[in-house]
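Every number here is computed from the coordinates shown, using simple stated rules; none is lab data. All of these numbers come straight from a predicted model, not from anything done at the bench. All Cβ positions, even for glycine, are placed from backbone atoms using ideal geometry, and neighbour counts span all protein chains on display.
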């Protein structure tokens, strides 16, 4: 069930990441660099074949932007939630709980204290 929910949320989040990348980050990079992508960057013609290293660079930049968006929007908050949940589970038992545990252990036959 958890996997199904993760797939559905991941599919829905794809649109958010795409919008962030296409509408905010890439125009910002375009304003800095002067081009919305790097497709025309580092084109080399070798024996009549065109090598377009800029297309690879554009794909790498898009991957890094999407990875950063997923990390900061999903992974970091989930790690914080897991950490918070773990802190509650590791708390010291109250004095009453400790006393009741000691009484329970004393009543169990065959245990040495």
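Tabulated results
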read-out	value
FRET efficiency estimate (nearest 0.05) - Cβ-Cβ, residue 45 to residue 5, R0 41 angstrom	0.25
Over the chain: helical MRE at 222 nm, DSSP H runs n ≥ 4 each giving -39500 (n - 2.57), nearest 500	-20500 deg cm²/dmol
At 1.306 mPa s and 10 °C, Stokes D of the range 2-107 from Kirkwood alpha-carbon radius, µm² per second	86 µm²/s
Zone of residue 14's modelled label, taken as backbone nitrogen in the range 65-94 under 16 Å from a point 7 Å along Cα→Cβ	66-67, 70
Sequence-separation-based contact order of the chain, relative, with Cα cut under 8 Å and 6+ spacing, percent	16 percent
Additional length obtainable on full extension of the chain from residue 60 to residue 105, 0.36 nm per residue less Cα span	10.2 nm
